[in-house]
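*Asks:* Pasting in a structure now, in structure tokens, and then I'll have a few things to ask.
The values are calculated or read from the model by the stated rules, or taken from the named source; none is laboratory data. From a predicted model like this one, the values you see are computed outputs, not experimental measurements. Note that we place each Cβ from the backbone using ideal geometry, even for glycine, and neighbour counts take in every protein chain shown. Side chains included, ligands, DNA and RNA excluded: accessible areas come from the protein's heavy atoms. Shrake-Rupley method; radii C 1.70, N 1.55, O 1.52, S 1.80 Å.
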Amino acid sequence: GALQEAAREAAVGYLVPLLREPGPESPRLRRRVLRAAAGALHSCVRLAGGPQWVAALAEEALRDLRAVRPDSGHEGASGGAACVPDGPGAEAAVEVLVAVSPCLRPREDSALLERVVQAAVAVALSDAEAGPPEEAAAALAAGRLLPALGRCGEAALRAVWEGLRAAAARAGASGPGAGLAGVGRQLLVLSALAEKLLPEPGAGGAPRGPEVGLDARRCWHFWRTVQAGLAQAEDALTRKRARYVLRRAVEVSAELGEDCACSPREGNDPSVFWWNEKKKDELLKFWENYILIMETLEGNQIHVIKPVLPKLNNLFDYAVSEEKGRFWLFHPSWHMCIYKRMFESENKVLTKEGVTHFLELYETRVLPFSPEFSEFIIGPLMDALSESSLYSRSPGQLMGSGSPLGLKLQKFLVTYISLLPEEIKNGFLLQLIQKMTSRHWCAVPILFLSMALANVPRCKALGVEGLLALRDVLQCTMITHQILLRGAAQCYLLQTAMNLVDVEKVSFSDVSTFLMSLRQEESLGRGTSLWRELCDWLRVNESCFRQSSNCSSIELHETSPLNAYVKNLVQEYIKSPAWERGRENSFMPDWFEAKLVAMMVLLAVDVEEMRNQYSEKRRIQNVLRIFLDPLLDALMKFGTNAYIPLLKTDRCLQLLLKLLHTCLLKGSSTQDDEVFTLLQNFLMSTTESISEFILRRLTMNELSSVSDLDRCHLYLMVLTELINVNLKVGWNRGNPIWRVISPLKNASIQHLQEMSSGQEPALGRQIQKVVSMASLAVVCEAIDQKPELQLDSLDAGPMERFLSSLQLNQTLQKPHTEEQSRMVHCMQNFSFFEESSSQGWGKIVAQYVHDQWVCLSFLLKKYHTVIPTTESEILEPFLPAVQMPVRTLQSALEALTILPSDQVLPVFQCMRILVPKLLTSYESLCMESFDMGWKIISSLSNTQLIFWSNLKAFVQFVFDNKVLTIAAKINGQAYFKIKEIMYKIIEMSAIKTGVFNTLINYCCQSWIVSASNVSQGSLSSAKNYSELVLEACIFGTVFRRDQRERLIQDVQTFIENLGHQCAANVVIENTKREDHYVRICAVKFLCLLDGSNMSHKLFMEDLAIKLLEKDELVSKSRTRYYVNSLQHRVKNRIWQTLLVLFPRFDQNFLSGIIDKIFQAGFINNQASIKYFIEWIIILILHKFPQFLPKFWNCFSYGEEKFKTSICTFLSVLSHLDVIIEDISEKRLILKQALIIALQWCFSHNFSIRLYALLALKKIWSLCKTLYVEEFDALTSVIESSLNQVENTHGAGNAKKNWQRIQEHFFFATFQPLKDYCLETIFYTLPRLSGLIEDEWIAIDKFAKFTDIPLDEGFQWYLSQTQLCELKPGDWSQQDIETSTGEADNKSEWTDVQKKIIPWKNNVPHLELELEFQDRAAKLGKSIGRLIVVGSLIDKPTNLGGLCRTCEIFGASVFVVGNLHCISDKQFQHLSVSAEQWLPLVEVKPPQLIDYLQQKKAEGYTIIGVEQTAKSLDLTQYCFPEKSLLLLGNEREGIPANLIQQLDVCVEIPQQGIIRSLNVHVSGALLIWEYTRQQL
């Protein structure tokens, strides 16, 4: 009685208040206090007894839990308001309930138990977002309270089970991925109560126990929770619990031996789980393989997982029945769980392997249809396919050969869709395309998805909704920045529409709107194969299209439906809507309609041409005339009828422009294009009317509002087209355009002069000022580009004098305040229009300043010869802007600061003319212009369209040949500034592909031109900047395998290789921005140089010396470097360039560099570099045999100097026949070669002997051919040596290598003279020598690069031998690949890696007071009695590794010197979360003596891991159960004062020379030996 009373008093008076108090601030410390108090409370409750008292405590705790949040009542358990526990208060209440619940009586307290269960379920399975305290309370309720309640009788267990089912049903209703935190807590409860929720076999095999009615296996929600845990849970522990529950269900089913099935959710679905005793072995095999795969996936290592994947194939074999038709035996959702795990892996290699495996499913089998399968494709598979890195090339695959995964996707989609039932196919395709619109895809995934869809066989699957979805996908592709990939994706999506759209469900209007989503300049160019394919599709199906309700049926019976639609379209377009009439100040129409009408007119005409291709051409002219009659009638009235509605004129001019632009898109040949000729003729007939209209509008103050600026832009574009067309057909003084240019110029100047008189800035006047300057700019551009338009002589006329006196950078003042509101209102409304160019006054001013500089650029070009180098030369300037260049350049600098980056081009063009004139006298000003220009360029992204035009203009003014020459001549700061910018551009190229291309292209072209213009072909400027050519010759970035830029280049090459099959290749100009083109440009430039020209010769010699110095520098930077590393590639490029230069070297120059070339042969080089060095030595010795003595000297060094590099010179010796080809006296050379070869045949190194024997064989064959009598004495020795190596018995490596080296391309096929060409140097040799394909430059790229043309007689392109036909294979590396593919060829591995899953007896311990003693108990781990002390260890890596080892082998405690070490990243990298499952104790080094003595008192044997005089051999020592291992410091070991505390020292036996092992390795060996002995 006293004990019970004391226990009750302790519980009520101390423990319960302690639990309710706020406690320590540290959450971790508070949790420990709560845990300890709850454990003590549980013990007190058991001792005190008293059911009523226990029930009262439970009621009080339940009230506390509900008081924390009022909504934690019954509703939470029944699916209403969820309980969101409020941190520490809820945690304390749950701890009390955990302590007292096991003591409640199942019958008497059943109502209380039910309420506690409902509250616990509400807390544990809340879906609401919660912070750490609330999460802790929920985890506590799920991990301890609910399992405890589940053991309080059948009623409580049923209540827990119903709560779990309700939570699972709510999560299922919310859709996939919902409530994953709740899934984790559900599985925590399920794993703890698995034995209660699954039937337990009785003595006779029948289920027994009180919970006879409960069988979780029959519940669909139970299995969905398990599957969600397997596939979607982010934490490994939840997935582990899901696997445990699954394993227990399978084991229970096997033990019971009874049939069981979980009823399907829908009638035709297979059961999500079933058991049949007759198929027990098959079922056990299926689930064993399934669980093994899921466990292996936890490793996240591809080399472990790949061997298990064949078992996944077996799962499909088990899952599909062949009896009575194909159907699923196992629910396919189980297979999908495996793929989901692979798809969501952090390891992208594993994700790619999973996606590839899934896409290969239908290659060898046909699976039954399942809605789950289709949902999986549209959901997780599509999500996985959005990752760009999956589409990278496989190792060894050629660049541009296409993504293996992309091609598999295409094959899979075609197969899967063709197998779908017809009634399902349409819906599936629509959902698939709609899924493509659900995210912003990167360029590569959307391209391959579009390509796959385009290859789906034709079927009537999509209606208007599908067409809209495809349009949305097209708009998604527009955000990607790679133009070629974007264009290709559009091409494939259009082909998809033509293949899959049911034409009877869509109208011409729907199709035309869809076509407008395509960017014609990127995909649908007129004249391309895609355009013709579209025309043919329209021709074949035109009678089947649904008729639009608004399309009149006039003439439908007389003409084709398409022609009728287009005719009606043009009529409706030209006719002004009633609401537009009388609104002269309305905004300009959007361009959308004009584009649409123009495209449909040209499509209809081309369809007509296709339809009547064998009839007379007059038919096409008639059809086009019928279409365009309304337009031509309107245009003819422009010049005479001043009352035509403004919007009608806008629409007519827009349509006219779009017809011309669409007709002229790249891909169509205008030479034989009758349609374009007809359009030109129509335009010519309306030229006078249009030009008079434009002149009136631009000069008569009719443009007075902000919205009119877009009209001005339209008029000037039309005027430019009229000029171009008239110039093509012929020019004469009576031409209407001639009569427009001069009045327009004069009127514009007059307006600008009048408005500079200081009048008030009214809106209309300011707008007219902008219009006049824009008109003047167009006139200047036209005169500049078309000399025929030059109206004045070189003498300065009024326009030149006016332009020269312009106030540059003068900003337009804002209009009057009373007009500002009107202007703002206009601009706000106007901003709704897509192509608005007038959305702010700042933009208007910028355009005005831009046009000023366009005019000035024209003026400076015209008078560039009279620009002075200093301003003092002109006293009274007649043309100030030209004759005062310093002021003009200063204004240009000011313009760069105020203009937006898309308006600076004319400023750069002016600088290009001014800087060469001023560089000598005003160097600092010119340098300032360089810096300002570079600042603009470096701030732009290379994805912006303006970047490339700006970069080109910048390069043209900074690297102008005159600027380079002058800067080098004065050798001042500008010279070094230019070189600084040069290196900055090269550096930028590493991240912005194509930047260096622009620079090297321009410089090489300008040097070629300058060299050809000067009689001696001077290259003086190039010589001063030879570093630029040097950097170009060795340029090329090294990409990582997963780098996005590399992938983009690969896929672009793949698209380019498709040629005309992909219309984007025709429409989009190849910009040649690949890294290869930098080297191609430099090499072709070098090929053009003439060795007989002194300046060319000096330039090449200077470049060769710099290349050799660079090679030496690279060799010194790293003595050993990996194949395909940056060092390897740079050295390879150096020697390729030297080979190109070699024919221009004379003997005098070679005598100065020959030692460096021979020295390069002594360096430890990669194979490809060896071949180039050997080749150039062979060529030198062939051309200049005078260097043979130096060559023989290379063999006289001691063997230690060069080790195996002597093989380089022996390889050269093997080609002695080429070297002595032109030498008349060969005897002495052959004798010297024989002596050297024989000498090295006795080397102790096998490789050297092999090369020497090969050289000996070749030389001896030459001797026999020439028959030298004095060699007869050597015949027996040499013949016997060669016979011995030829007749080597057996199949050992020696014989294999002898055969391989003889067959090697460099000795068997390579011909140094005949193979000397660009193809061998840049493609064949890199390919045969094992260089990565990025370094292979195909010869057609040299031919395609026409910016630098080679002479027609250039003979160095192609190899004339069979070398290019060989396959790569280096003799020394032949046997590396012998085992390749063995893993893949095995259908199923007999044994695979499997990680240990530490469940003890497959179930966590169920005793409440022991269950959560520490975190390790959550897994039911076997805990030993070994203590490992690492307090003396310093390095986090060693501590992290030991922590992992201790956790794996079940040590009871790991002692460290400072607990802060567990937050160290190096520790965590090695521990891989072991610290979460292992008790850690902090004992600082000064406290160790006390700690060791304490443990000794507890019965532990203190064991030191140290070598001492009395230490015992580890193999002889028997560990006591209670052992404490003390590990020493990394450097000092165990200090002497601590050795005195040890009971025994154990050392690890050694056989090597090194004295000690790493402390982690030592500790691991002893921990394992302890574990082994205790097993």
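*Asks:* Run the paramagnetic zone check for GLU1532: 7 angstrom along Cα to Cβ, then residues of region 1431-1445 with backbone nitrogen under 12 Å.
*Replies:* 1432-1434, by backbone N distance to the label point.
*Asks:* Right, another one. May I ask you to give the average projected area over all directions of the convex hull of the Cα atoms of region 1178-1268, in nm² rounded to one decimal?
*Replies:* About 5.4 nm², averaged over all directions.
*Asks:* Quick one: pull the percentage of alpha-carbon pairs in region 854-1009 with a separation above 24 Å. All intermediate terms of the calculation are to be shown ahead of the outcome.
*Replies:* On the way: 3765 of 12090 pairs.
Summing the P(r) of region 854-1009 above 24 Å gives 31 percent of all pairs.
*Asks:* With unit charges on the beta carbon (Lys/Arg positive, Asp/Glu negative), name the residue among ALA48, LEU29, LEU15 whose Cα is farthest towards the positive pole of the charge dipole of region 1-59.
*Replies:* Of the listed residues, the answer is LEU29.
*Asks:* Please work out the FRET efficiency for the pair HIS440 and ASN1558, using the Cβ-Cβ distance as r and a Förster radius of 51 Å; give the result to the nearest 0.05. Mind dumping the intermediate values first?
*Replies:* Values: r = 49 Å, r/R0 = 0.97.
For HIS440 and ASN1558, the calculated efficiency is 0.55.
*Asks:* Give me the percent relative contact order of region 1433-1548, please, defined on Cα pairs under 8 angstrom at least 6 residues apart. Intermediate values should be presented prior to the final figure.
*Replies:* Values: 164 pairs, mean separation 30.6, N = 116.
Averaging sequence separation for qualifying contacts and normalising by length gives 26 percent for region 1433-1548.
*Asks:* Using a 1.4 Å probe, how large is the accessible area of SER1276, given in Å² and rounded to the nearest 10?
*Replies:* For SER1276, the solvent-accessible surface is approximately 80 Å².
*Asks:* Measuring from a point 7 Å past the Cα of ARG107 along Cα-to-C-beta, which residues in region 43-64 have an amide N at less than 20 Å?
*Replies:* What the label zone holds, given the 20 Å backbone N cut-off, is 50-56.
*Asks:* Could you please tell me the mean projected area of the C-alpha convex hull for region 414-466, averaged over all directions and given in square nanometres to one decimal? Spell out each step's value before the answer.
*Replies:* Values: hull surface 15.4 nm².
Averaged projected hull area, Cα only: 3.8 nm².
*Asks:* Figure the gain on full extension for ASN1245 and THR1309 (residue separation times 0.36 nm, minus the Cα-Cα span) and round it to one decimal in nm. Let's see the in-between values first.
*Replies:* Values: separation 64, 0.36 × 64 = 23.04 nm, distance 2.61 nm.
Answer, rounded to one decimal: 20.4 nm.
*Asks:* A follow-up question, please. Which peptide among 1429-1442, 441-454, 1234-1247, 350-363 comes first, and what is the full order, when sorted by highest mean count of other Cβ atoms within 10 Å?
*Replies:* Values: 1429-1442: 21.9, 441-454: 25.2, 1234-1247: 16.4, 350-363: 19.4.
Final packing ranking: 441-454, 1429-1442, 350-363, 1234-1247.
*Asks:* Round to the nearest 0.05 the FRET efficiency obtained for VAL1277 and GLN1302 when R0 = 25 Å and r is the Cβ-Cβ distance. List each step's numbers first, then the result.
*Replies:* Working: r = 21 Å, r/R0 = 0.82.
FRET efficiency, VAL1277 to GLN1302: 0.75.
*Asks:* Under the Kirkwood approximation applied to all pairs of distinct alpha-carbon atoms, what is the hydrodynamic radius of region 434-548 in Å? Spell out each step's value before the answer.
*Replies:* On the way: mean 1/r = 0.0709 Å⁻¹.
For region 434-548, the Kirkwood estimate is 14.1 Å.
*Asks:* Grab the Cα-Cα distance for ASN612 and GLU928, subtract it from 0.36 nm times how many residues apart they are, and report the gain in nm with one decimal.
*Replies:* On the way: separation 316, 0.36 × 316 = 113.76 nm, distance 6.46 nm.
Difference between extended and current length: 107.3 nm.
*Asks:* Using the basic label-point model (7 angstrom from Cα toward the beta carbon), what is the LYS984 to LEU3 distance in nanometres?
*Replies:* Between LYS984 and LEU3, the label points sit 8.8 nm apart.
*Asks:* What is the gain in length, in nm to one decimal, between ASP281 and VAL464 on full extension, counting 0.36 nm per residue of separation less the C-alpha to C-alpha distance?
*Replies:* Numbers: separation 183, 0.36 × 183 = 65.88 nm, distance 5.26 nm.
Fully extending the segment from ASP281 to VAL464 adds 60.6 nm.
*Asks:* Over the Cα atoms of region 254-407, what radius of gyration and what Dmax do you get, in Å?
*Replies:* 17.1, 59
*Asks:* Let me ask something else about it. Can you quote the Å³ per residue value for the convex hull of the Cα atoms in region 361-477, rounded to an integer?
*Replies:* Numbers: hull volume 12.9 nm³, N = 117.
Cα-based convex hull of region 361-477, divided per residue, equals 110 Å³.
*Asks:* Viscosity 1.002 mPa s, temperature 20 °C: what is the translational diffusion coefficient of region 1088-1180 from Stokes-Einstein with a Kirkwood Rh over Cα pairs, rounded to a whole number of µm²/s? Can you show the working numbers first?
*Replies:* Details: Rh = 13.6 Å.
Stokes-Einstein gives a translational diffusion coefficient of 157 µm²/s.
*Asks:* What distance in nm lies between label points placed 7 Å from Cα along the C-beta direction at GLU1333 and ARG46?
*Replies:* 7.0
*Asks:* No solvent, one uniform scatterer per C-alpha: report log10 I(q)/I(0) for region 316-402 via the Debye equation at q = 0.13, 0.18 1/Å, two decimals.
*Replies:* -0.50, -0.84
*Asks:* Applying a 10 Å radius around every beta-carbon, put 297-305, 1544-1552 in order of their mean neighbour count, most first. Each step should come with its number before you reach the end.
*Replies:* Working: 297-305: 16.4, 1544-1552: 13.7.
The most tightly packed comes first, giving 297-305, 1544-1552.
*Asks:* List, largest first, the extents of the alpha carbons of region 268-319 along their principal axes, each in whole Å.
*Replies:* Sorted largest first, the three principal extents are 36, 24, 17 Å.
*Asks:* Per-residue accessible area for GLU162 at 1.4 Å probe radius, Å² rounded to 10?
*Replies:* 100
*Asks:* Follow-up question, since we're still on this one. Amide H neighbours of LEU1512 under 5 Å, at least 5 residues apart or on other chains, H built in the peptide plane: list them.
*Replies:* CYS1545, VAL1546, GLU1547
*Asks:* Run the 1.4 Å probe and let me know the accessible area of VAL464, rounded to the nearest 10 Å².
*Replies:* In the full protein context, VAL464 sits at about 50 Å².
*Asks:* Something else now. For THR1309, which sequence-distant residues (separation of 5 or more, or a different chain) have an amide H within less than 5 Å of its own amide H, given hydrogens modelled in the peptide plane?
*Replies:* Under 5 Å from the amide H of THR1309 lies no amide H from a residue far enough along the sequence or on another chain.
*Asks:* Treating only the Cα positions of region 356-413 as identical point scatterers, give the base-10 log of I(q)/I(0) from the Debye formula at each q in 0.14 Å⁻¹.
*Replies:* -0.45
*Asks:* Now, a different point. Checking the a/c ratio against 1.5 first, then a/b against b/c, what shape does the Cα gyration tensor give for region 1487-1575? List each step's numbers first, then the result.
*Replies:* Working: a/c = 1.86, a/b = 1.20, b/c = 1.55.
Here region 1487-1575 falls in the oblate category.
*Asks:* Turning to a different aspect of this structure: What do you reckon, how do ARG248, ARG31, ARG217 stack up by accessible area (1.4 Å probe), largest on top? Each step should come with its number before you reach the end.
*Replies:* Working: ARG248 30, ARG31 85, ARG217 5 Å².
So, going from the largest accessible area down, we get ARG31, ARG248, ARG217.
*Asks:* Compute the projected area of the convex hull of the Cα atoms of region 1021-1144, averaged over all viewing directions, and report it in nm² to one decimal place.
*Replies:* Working: hull surface 39.7 nm².
In nm², the orientation-averaged hull projection of region 1021-1144 is 9.9.
*Asks:* Please compare each pair in LYS637/LYS658; LYS1183/LYS1231; LYS505/LYS567; LYS984/LYS1465; LYS240/LYS435; LYS340/LYS435 to a cut-off of 27 Å on the Cα-Cα distance and tell me which ones are over it.
*Replies:* LYS984/LYS1465; LYS240/LYS435
*Asks:* A follow-up question, please. Using 7 Å Cα-to-Cβ label points, what is the ALA236/GLU298 separation (nm, one decimal)?
*Replies:* For the pair ALA236/GLU298, the computed spacing is 0.7 nm.
*Asks:* Sorted by average packing, counted as other Cβ atoms within 10 angstrom per residue and highest first, what order do 1046-1056, 699-709, 1140-1150 take? Walk me through the numbers before you get to the answer.
*Replies:* Values: 1046-1056: 21.3, 699-709: 19.1, 1140-1150: 16.3.
The most tightly packed comes first, giving 1046-1056, 699-709, 1140-1150.
*Asks:* R0 = 56 Å: FRET efficiency of GLU1269 with SER394, Cβ-based, nearest 0.05?
*Replies:* 0.40
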